[in-house]
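See structure below.
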Amino acid sequence: MVKVFIYPSNSLILSDLIDRFGHEPLAVMREVGKKIRTAGLDSPPINITPEDPKIGLKYAAVEVPSGVRGRMALLGPLLEEAEAAVIVMEPDIAFGCMGCARTNELVNFLVRTKDIPILELDYPRTEEDAKAFVHMIHDFTDGLGKGDK
Amino acid sequence: MNDDDIISKMIVLHSTFTLPSDVVIRIYESKADITVKETCFGLIIEGKRSVVDEVAREIRTIDPNRIFIKERGVPPGDPYRCRVGRGGGPKPGFHQHETEFTFLPYITSALEEIERGEGKGKKMTRSLPIHIETFKDIIEKEVA
């Protein structure tokens, strides 16, 4: 079983497909879950604590906005574990109030600096593209070796 | 990652013949020690990682190509996420869910193709950006 970093990191489709094809998806939900379930003063609703931007310093310089560094505190550990990656380019849902374009760029850059197999895709907009999207992920995960599930 | 960690998983159904209640009954039958919450999109289950993973694998067998599963950060009925205590409005995560939900039928048909051994090597068609010279021609034609 290979640990596959997925981007967008909270994608249902990517997470499901990677799991279905026998590998372990590295999704941000796991990191959020750890934070939420660890008892302490900074329990929910604060998912990102003042400590997180400091952890994010490992990935981004101090003059980078704290929002980017806070997000990197969640995504960074996943990136370090990654043995392969499936990246969807410019997903609509990664922008606006939920997303952060600079974090997205940084994550994409850091993934590329690692020497791991990467599959780059676009979000499908038609039925044919959606089918090809699944087939490409299937072929990619097949090439990573058989899962043991 | 510890097997005793408490985790939640979202079970999203996009099926015309499997209902959340069918899945719930299967979970009750399994006597697994987990919390189950029925939702508009399917279910949320919570419990020890080893148990939740096992139940998720079992649930998938009910309707493999129409049941989609992902891990969820927050527990079921979390007061900071659940709309009951937030006075309405979309809850965090809704927009992502809404965007991807529209593709699920296509994902299902692709998974059925894989099951039949069809479509291997299919590639997405990537629309390339328009060339600057072509764009200049268009501008000249439109302005003239």
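So, in the range A:121-147, exactly how many residues are within 17 Å of B:Arg126 (Cβ to Cβ) and surrounded by 15 or more Cβ atoms within 10 Å (Cβ to Cβ)?
Filtering the range A:121-147 down to residues within 17 Å of B:Arg126 (Cβ to Cβ) leaves A:121-137, A:139-140.
Those still in the list that are surrounded by 15 or more Cβ atoms within 10 Å (Cβ to Cβ) too: A:121-124, A:129-137, A:139-140.
Adding up the residues that qualify gives 15.
So A:Glu81 ticks every box in (1) within 11 Å of chain B (Cβ to nearest Cβ); (2) closer than 24 Å to B:Gln96 by Cα; (3) not small (Gly, Ala, Ser) but one. Which box is left unticked?
With (1) within 11 Å of chain B (Cβ to nearest Cβ); (2) closer than 24 Å to B:Gln96 by Cα; (3) not small (Gly, Ala, Ser) applied to A:Glu81, the lone miss is (2).
Only one of these is at the interface with another protein chain (Cβ under 10 Å from one of its Cβ atoms), under 23 Å from A:Ile87 (Cβ atoms) and at pLDDT below 90: A:Met72, A:Met29. Name it. Before you say what the answer is, go through the steps one by one.
On the way: A:Met72 fails: at the interface with another protein chain (Cβ under 10 Å from one of its Cβ atoms).
After ruling out the rest, the residue left standing is A:Met29.
Has the range B:43-51 got any residue that is surrounded by fewer than 19 Cβ atoms within 10 Å (Cβ to Cβ), in contact (Cβ under 8 Å) with a residue 40 or more places away in the chain and part of a helix (DSSP H, G or I)?
yes
What pairs come up if the first residue lies in the range B:115-144 and is over 23 Å from A:Met89 (Cα atoms), the second is part of a loop (DSSP other than H, G, I, E, B), and their beta carbons are under 9 Å apart, counting only those six or more places apart or on different chains?
Short answer, once both residue conditions are applied: B:Glu115/B:Pro64; B:Glu115/B:Asn65; B:Ile138/B:Ile130.
Quick check on my filter: what residues within the range A:99-149 are within 14 Å of chain B (Cβ to nearest Cβ) and of a type in the set (Phe, Trp, Tyr)?
Scanning the range A:99-149 gives A:Tyr123, A:Phe133, A:Phe140.
Quick check on my filter: what residues within the range B:96-119 are charged (D, E, K, R) and more than 7 Å from every other protein chain (Cβ to nearest Cβ)? Full working, then the answer.
So in the range B:96-119, the residues charged (D, E, K, R) come out as B:98, B:100, B:112-113, B:115-116, B:118.
Selection gives B:Glu98, B:Glu112, B:Glu115, B:Arg116, B:Glu118.
Quickly run through the range A:113-148 and pick out the residues that are in a loop (DSSP other than H, G, I, E, B) and either on the phi > 0 side of the Ramachandran plot or free of Cβ contacts under 8 Å to residues at least 12 places away in the same chain (or both).
Filtering the range A:113-148 down to residues in a loop (DSSP other than H, G, I, E, B) leaves A:114-117, A:123-126, A:144-148.
Passing the criteria: A:Asp115, A:Pro124, A:Arg125, A:Thr126, A:Gly145.
If you go through the range B:113-128 one residue at a time, do you hit one that is surrounded by fewer than 11 Cβ atoms within 10 Å (Cβ to Cβ), within 30 Å of A:Phe140 (Cα to Cα) and more than 27 Å from the chain's Cα centre (by Cα)?
Yes: the range B:113-128 contains one or more residues that are surrounded by fewer than 11 Cβ atoms within 10 Å (Cβ to Cβ), within 30 Å of A:Phe140 (Cα to Cα) and more than 27 Å from the chain's Cα centre (by Cα).
The values are calculated or read from the model by the stated rules, or taken from the named source; none is laboratory data. Only a predicted model underlies this, so the values are computations on that prediction, with no experimental measurement involved. Note that each Cβ is placed from the backbone with ideal geometry, even for glycine, and that neighbours are counted across all protein chains shown.
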